[in-house]
Amino acid sequence: MSSTERGTAGATRAQGPTPGADRTRAWAVRLVVVGIVLSALNLRPAITSLGALLEEVRDGLGMSGSVAGLLTSVPPLCFAVFGVTAPRLARRFGPAAVVCAGMAAITAGLLIRPYVGKTAGFLAASALALMGIAVSNVLMPVIVKRWFPDRVGSMTGLYSMALALGTSVAAAVTVPLTDAMGGGWQPGLAVWAALAAAAVLPWLPLVRDRGTEAARPEEPARQAAQQDAPLRITRSRTAWSLAVFFGLQATAAYITMGWMPQIFRDAGVPAGTAGVLLAVTMVMGVPLAFVIPRVATRLPHQGPIVLVLGFCGLAGYAGLYLAPAGGAWAWALLLGVSNCAFPLALTMVGMRARSGPGVAQLSAFAQSTGYLISIPGPLLVGVLYQQSGGWGLPIALMAGLMVPQMVVGVLAGRDRTVEDEAAR
């Protein structure tokens, strides 16, 4: 090649990506958006669909009450155990490939578990689905940070809104779907595998083209250099604050999902209405999960949002204690607002680390530690309820946990990064 030709080629490369490359990237971005939404829709139906049919599953498998109680504690345990492996898997195979595999695991688990015929097999298939949910939970903020670094708030809001929608829809329609398919609980649970299978498809082209992700202009070169340099995340006070905040908000959410209908029923609210009240609480997360992350990314400190959500929770618990039936709709709305600490926590994960690898490690640490923290809460509420014969002590526990949640949330909301703290 002559010097003139070399100069021409160099000038062509300096001009940036070709139109074909731009079109390829535009399609890749669209696939990522579709993949994020479909994946988020699948991160809770495995849990809420089972809750809707738990009595039928217990009768069908001859499951004891203690095993059923264990089953309700399996999700946060699996999230904690398997979620911690996500950063290592992402470094080796790429986040898109791991999320694709996670969606495939959810599909297999949901399809297999209704038909294994034994309690042990049902638990194992559930664990497979929950493993896929766990790694996807951790890597969703990573993918948002890498592909949309200038739109973390809006994309986290979209993801959180889809997650809340999937949660509420699965809780609301599983029983009607089961009745429409003949009343057997097996197809009522297995039908959600179709939604998970659909979520596999957008990620497949991204898995095949490993170079697409590495060539994104938004990903600074220094992030790639940091890929193999894990942070000492436990040295960061912000990481610990975020982990405890994540754990306490998860505790409140699992207590609400597991026990709020019973609180209303014991106060004289009809069972059907109590279920609708829970649905109202969960549906509140759909619009607010989109709004809160967008607001959070525009603030230098997310502490004020933490306090507003916390005071809504305290007001809701006070209402449950003083007039559970009289103001039931108001308390359901307030607790629905309070439960939107989850999308706020996800947003702060993306804001408290500068690099993609940093977000991966912070997400894994905060979620794994947080879900471990959340495991005893719903069980302790059940013990207090059984021992005291009423809801005074359990509600006092719920309100008491909201105070440290607000404190650590304010600390996690400070404008700093875990990379800086871990390096000190």
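Where residues in the range 102-135 are of a type in the set (Gly, Ala, Ser) and open to solvent by 60 Å² or more (accessible area, probe 1.4 Å), which of them is modelled with the lowest pLDDT? Step through it out loud before you land on a result.
Filtering the range 102-135 down to residues of a type in the set (Gly, Ala, Ser) leaves 102, 104-105, 108-109, 117, 120-121, 124-127, 129, 132, 134.
Then keep just the ones that are open to solvent by 60 Å² or more (accessible area, probe 1.4 Å); that gives 120, 124.
Values: ALA120: 88, ALA124: 91.
Looking at the filtered set, the residue picked out is ALA120.
Specify the residue that is nearest to VAL116 (Cα to Cα); the eligible residues are those in the range 196-213 that are open to solvent by 50 Å² or more (accessible area, probe 1.4 Å) and modelled with pLDDT of 85 or more.
Applying the filter and picking the extreme gives LEU201.
Residues are listed down the side, and each one gets a yes or a no for (1) on the phi > 0 side of the Ramachandran plot; (2) in a loop (DSSP other than H, G, I, E, B); (3) more than 25 Å from the chain's Cα centre (by Cα); (4) of a type in the set (Gly, Ala, Ser):
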residue: PHE365; (1), (2), (3), (4): no, no, no, no
residue: GLN386; (1), (2), (3), (4): no, no, yes, no
residue: ALA396; (1), (2), (3), (4): no, no, yes, yes
residue: ALA399; (1), (2), (3), (4): no, no, no, yes
residue: VAL410; (1), (2), (3), (4): no, no, no, no
residue: ASP415; (1), (2), (3), (4): no, yes, no, no
residue: GLU421; (1), (2), (3), (4): no, no, yes, no
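Return the residue satisfying two criteria in turn: it lies in the range 325-342 and is without any contact (Cβ under 8 Å) to a residue 60 or more places away in the chain and aliphatic (A, V, I, L, M), and of such residues it is surrounded by the most Cβ atoms within 10 Å (Cβ to Cβ).
Looking at residues that are without any contact (Cβ under 8 Å) to a residue 60 or more places away in the chain and aliphatic (A, V, I, L, M), I get LEU334.
If you scan the range 317-352, which residues turn out to be modelled with pLDDT of 90 or more, under 30 Å from CYS78 (Cα atoms) and of a type in the set (Gly, Ala, Ser)?
Across the range 317-352, the qualifying residues are ALA332, GLY336, SER338, ALA341, ALA345.
Quick grid of which residues meet (1) outside any helix (DSSP H, G or I); (2) without any contact (Cβ under 8 Å) to a residue 60 or more places away in the chain; (3) touching a helix residue (DSSP H, G or I) at 6+ places or on another chain (Cβ under 6 Å); (4) open to solvent by 60 Å² or more (accessible area, probe 1.4 Å):
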residue: ARG25; (1), (2), (3), (4): no, no, no, no
residue: ILE36; (1), (2), (3), (4): no, no, yes, no
residue: ALA40; (1), (2), (3), (4): no, no, yes, no
residue: LEU43; (1), (2), (3), (4): yes, no, yes, no
residue: ALA46; (1), (2), (3), (4): no, no, yes, no
residue: ASP59; (1), (2), (3), (4): no, yes, no, yes
residue: SER73; (1), (2), (3), (4): no, no, no, no
residue: PRO76; (1), (2), (3), (4): no, no, yes, no
residue: ALA96; (1), (2), (3), (4): no, no, yes, no
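For the range 122-161, which residues satisfy the criterion of being over 15 Å from VAL34 (Cα atoms) and hydroxyl-bearing (Ser, Thr, Tyr)?
SER126
Identify the single condition in (1) under 16 Å from the mean Cα position of the chain (by Cα); (2) without any contact (Cβ under 8 Å) to a residue 40 or more places away in the chain that TYR371 does not satisfy, given that it satisfies every other one.
(2)
Looking at the structure I just gave you, is THR167 more than 20 Å from PRO202 (Cβ to Cβ), in contact (Cβ under 8 Å) with a residue 24 or more places away in the chain, of a type in the set (Ser, Thr, Tyr) and assigned to a helix (DSSP H, G or I)? Even if it seems obvious, please write down each step before you answer.
Numbers: more than 20 Å from PRO202 (Cβ to Cβ): yes; in contact (Cβ under 8 Å) with a residue 24 or more places away in the chain: yes; of a type in the set (Ser, Thr, Tyr): yes; assigned to a helix (DSSP H, G or I): yes.
Here the answer is yes, as THR167 does meet what is asked.
Could you tell me which of the residues LEU314, LEU362 is surrounded by fewer than 20 Cβ atoms within 10 Å (Cβ to Cβ) and either among the aliphatic types (A, V, I, L, M) or more than 27 Å from SER73 (Cα to Cα) (or both)?
On inspection, the qualifying residue turns out to be LEU314.
Scan (1) touching a residue at least 40 places away in the same chain (Cβ under 8 Å); (2) out of contact with any Ser or Thr (no Cβ under 8 Å at 6 or more places or on another chain); (3) crowded, with 17+ Cβ neighbours inside 10 Å; (4) more than 13 Å from TRP329 (Cβ to Cβ) for the single condition PRO261 breaks and write down its number.
With (1) touching a residue at least 40 places away in the same chain (Cβ under 8 Å); (2) out of contact with any Ser or Thr (no Cβ under 8 Å at 6 or more places or on another chain); (3) crowded, with 17+ Cβ neighbours inside 10 Å; (4) more than 13 Å from TRP329 (Cβ to Cβ) applied to PRO261, the lone miss is (1).
Which pairs turn up if I take residues in the range 146-160 that are in contact (Cβ under 8 Å) with a residue 12 or more places away in the chain and look for partners that are assigned to a helix (DSSP H, G or I) and open to solvent by 10 Å² or more (accessible area, probe 1.4 Å) with beta carbon separation below 6 Å, at least 6 apart in sequence or on another chain?
Pairs that qualify, where the first residue is in contact (Cβ under 8 Å) with a residue 12 or more places away in the chain and the partner is assigned to a helix (DSSP H, G or I) and open to solvent by 10 Å² or more (accessible area, probe 1.4 Å), are PHE148/MET155; GLY153/ARG294; SER154/ARG294; GLY157/PHE290; GLY157/ARG294.
So which pairs qualify, if the first residue must be in the range 175-187 and over 15 Å from THR48 (Cα atoms) and part of a loop (DSSP other than H, G, I, E, B), the second must be open to solvent by less than 60 Å² (accessible area, probe 1.4 Å) and among the hydroxyl-bearing types (Ser, Thr, Tyr), the Cβ gap must be under 8 Å, and the two must be at least 6 apart or on different chains?
Short answer, once both residue conditions are applied: GLY184/THR178.
Among the residues of the range 367-378, write down those that are buried (at least 16 other Cβ atoms within 10 Å of the Cβ) and in a helix (DSSP H, G or I).
The initial filter retains those residues of the range 367-378 that are buried (at least 16 other Cβ atoms within 10 Å of the Cβ), namely 367-375, 377-378.
Answer for the range 367-378, where residues must be buried (at least 16 other Cβ atoms within 10 Å of the Cβ) and in a helix (DSSP H, G or I): GLN367, SER368, THR369, GLY370, TYR371, LEU372, ILE373, SER374, GLY377, PRO378.
The values are calculated or read from the model by the stated rules, or taken from the named source; none is laboratory data. This one's a predicted model, so the numbers in the text were calculated from it and none came from an experiment. No Cβ is skipped: glycine too gets one built from the backbone with ideal geometry, and neighbour counts run over all protein chains shown. Heads up: the accessible areas ignore ligands, DNA and RNA and are worked out on the full protein's heavy atoms, side chains in. Shrake-Rupley method; radii C 1.70, N 1.55, O 1.52, S 1.80 Å.
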